[in-house]
1. Using a ≥ b ≥ c from the Cα gyration tensor of segment A:53-209 (square roots of the eigenvalues), is it rounded, prolate or oblate, where a/c under 1.5 gives rounded and otherwise the larger of a/b and b/c decides, a/b for prolate?
2. List, by residue number, every residue in segment A:115-147 with a reduction of 50 Å² or greater in accessible area between the chain on its own and the complete protein assembly, 1.4 Å probe.
3. Summarise the partner chain shielding of B:75-86 as one whole number: the mean count of Cβ atoms from other chains within 10 Å of each residue's Cβ.
4. For B:Trp72, what is the net charge nearby, where nearby means another residue's Cβ is under 14 Å from its Cβ and Lys, Arg count +1, Asp, Glu -1?
5. Beta carbons within 10 angstrom, averaged per residue: use that to sort the peptides A:191-202, B:194-205, B:28-39, highest first.
6. So, for the protein assembly as shown, what is the accessible surface per residue at a probe of 1.4 Å, expressed in square angstrom?
7. List, by residue number, every residue in segment B:154-194 with a reduction of 10 Å² or greater in accessible area between the chain on its own and the complete protein assembly, 1.4 Å probe.
8. Would you tally the net charge around B:Tyr34, using a Cβ to Cβ cut-off of less than 13 Å, leaving B:Tyr34 out, and scoring K and R as +1, D and E as -1?
Amino acid sequence: MAANHQAHEHHRHDEPESDITLRVKALESILVSKGLVDPQALDMLIDTYEHRVGPHIGAKVVARAWSDPAYKRRLLEDGTAAVNELGFPPGPEGINLIVLENTPKVHNVVVCTLCSCYPWGTLGLPPVWYKSPAYRARAVGDPRGVLREFGTELDDDVEIRVWDSSAEVRYLVLPERPPGTERMTEEELAGLVTRDSMIGVAKAKSPKAGARKRPGNGRAEHRV
Amino acid sequence: MNGVHDLGGMHGFGPIPREENEPVFHADWERRMYGIARILLNQRVFTLDEYRHSIERIPPSVYLGAKYYEKWAIGATGLLLEKGIIKPSDLKGVKPINLNPTFSLSAKARGDSIFKHPSRAVKARFKPGDKVIARNVNPRGHTRLPRYVRGKRGTIQFDEGVFALPDANAHGGGMILQHVYSVRFAARELWGPEAPARDSVAIDLWEQYLEPEPARSSNGRGRNGRGRR
């Protein structure tokens, strides 16, 4: 798999190895030679975060909460335990997960202004925009402008709560269940739950847009 | 430190750069770097606080121009060199990037008022509903108290539990355990009267970043926050 990616990489950029490529290669080779990095553990870790963990996990959690009021109560009470309950570790090293419920009157949005803290266990690794200086700078001071850029228009009377994730708790937004989804199954509902809606910069998809094609696996969901 | 990483509230970065169908990693070196860093952290070669601080110590012009995992690579390389785990000669052909210098906490510094150790039982000084003020301090080392909340008044929402103080742990000061609180600040307190009245920012702050809001009799702002939104 790794070799395949490498070939892909070289194919895409027909150029000599960059400084950064050399830097990481040098780092890996010296750390492996010193026994500080086990190449097999490295491959496994990469595979986990590239292929196994991702927003499809958060989407399952949200769809369950939409379908099961008792589960939703448990999720809002103790996000870590409720995510564990579905068989997912909420993140590396026992990180605590807090779930924030969006309602017609309160809209939550998550940022990390100081670095890039993100709920890895339920959303996978963050997209580039979440880690960009623009998002980190603007989300706390101009959340309405940021949401507008994501196509999310909120009425003036909706309260926006920004959560700057600056310690060791991680936040996951529980988006509002879209109207017209009463007859949908939990699996169908999960197809409406986007990564961006669980960060809080967007709402969940409406059933029309979502029902057209549902991702067949977690891999596809990464790329939605 | 008042570094370039402390971005909250800054202007001038333009629109948010979004990418459709974004892959988890954009290049092989990114996935390798992610894995290497995770393993070094898992093996306690350095602490997460030290690692975050190493990235903050990247010179600002480099920091803002670097790709995300490039910062991880520069920070990790710098830390491994500083700790003597690798030597410059181990990285032949790699362009050196020097981090801004850091410092170690002396035993004395660990005991002084800046890093005051709470009682052994780690009692919580604040409870939900308490009015607090984020301290106006400018530490030269690592901190998770961003500039945009310093000196501002907020309210304790909930207690997140007990965690090691990053300001010490990033500098070899060990695990000084303190309560961390979710503190809510009104948008108007942070950004002025033009901010929407109901909006707010909540941030996770270690106990020593906070002090009780002083009573103010002159304008009717008491400790229980009457007269404030």
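The values are calculated or read from the model by the stated rules, or taken from the named source; none is laboratory data. None of these values were measured; they are calculated from a predicted model. Reconstructed Cβ throughout: ideal geometry from the backbone, glycine too, with neighbour counts over all protein chains shown. Protein only, heavy atoms only, side chains kept; ligands, DNA and RNA dropped before computing areas. Shrake-Rupley method; radii C 1.70, N 1.55, O 1.52, S 1.80 Å.
1. oblate
2. When all protein chains are present, A:Trp120, A:Leu125, A:Val128, A:Trp129, A:Lys131, A:Pro133, A:Ala134, A:Arg136, A:Ala137, A:Val140 each give up 50 Å² or more of accessible surface.
3. Counting other chains' Cβ atoms within 10 Å and averaging over B:75-86 gives 2.
4. Cβ neighbours under 14 Å give a net charge of +4.
5. A:191-202, B:28-39, B:194-205
6. 46
7. Buried by 10 Å² or more upon assembly, which counts only protein chains, are B:Gln157, B:Phe158, B:Glu160, B:Phe163, B:Arg184, B:Trp191.
8. Combined, the nearby Lys, Arg, Asp and Glu give -1.
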